[in-house]
């Protein structure tokens, strides 16, 4: 009775927000467990709702997955930002923090595959592409700011525009995911090591210049 009474006290907006969060949580769990093959029915059933409830909040499964990816990207960017903040006063701390982050980047294979599948879907669907391209541009701008900050904490000027470096890093992260096997959960992304090489080369160029 207490739970039922608590639910009755939710406003319409609060109830809608709760439904949306539960659908996202359900979809996220299914992506981690089974990849992106989960159907709308699978996601709705796991959350305890009907397919109609899902479509009331998301126009398509792809847009629901895109919101999952946006949150995942934002969380990673926040983690990297926090690492750079904590290492700012430590000599060599910025490089050490980035090393640690790259060592574990995209260790969950399914999030990398989700990004790739949405990118491919955007190439086929112009309406969806508008949503995907906007998210991609926002994430690239965030990564560019972090790149600029990273070089600044090393006392260096980036040898290329930060957004170009961010684009190269993202291209490596997306392009190399297919080199891992389907069962590679928990294994660090090979792009992490390659991005390290790229950054170390850019640091060397910047130091000489």
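Contour minus end-to-end for residue 101 and residue 21, with contour as 0.36 nm per residue of separation and end-to-end as the Cα-Cα distance? Working shown, then result.
Details: separation 80, 0.36 × 80 = 28.80 nm, distance 2.75 nm.
26.1 nm is the gain from fully extending residue 101 to residue 21.
If R0 equals 25 Å, the separation of the Cβ atoms of residue 196 and residue 130 corresponds to a calculated FRET efficiency of about 0.15. As a ratio to 2.2 N^0.38 Å, the alpha-carbon radius of gyration for the range 1-58 is 1.23.
Read the figures in this text as sums done on the coordinates, not as results from a lab. Just so it is clear, the model here is predicted, and its values are computed rather than measured. When we count neighbours, we look across all protein chains shown, and the Cβ atoms used for this are built from the backbone with ideal geometry, even at glycine.
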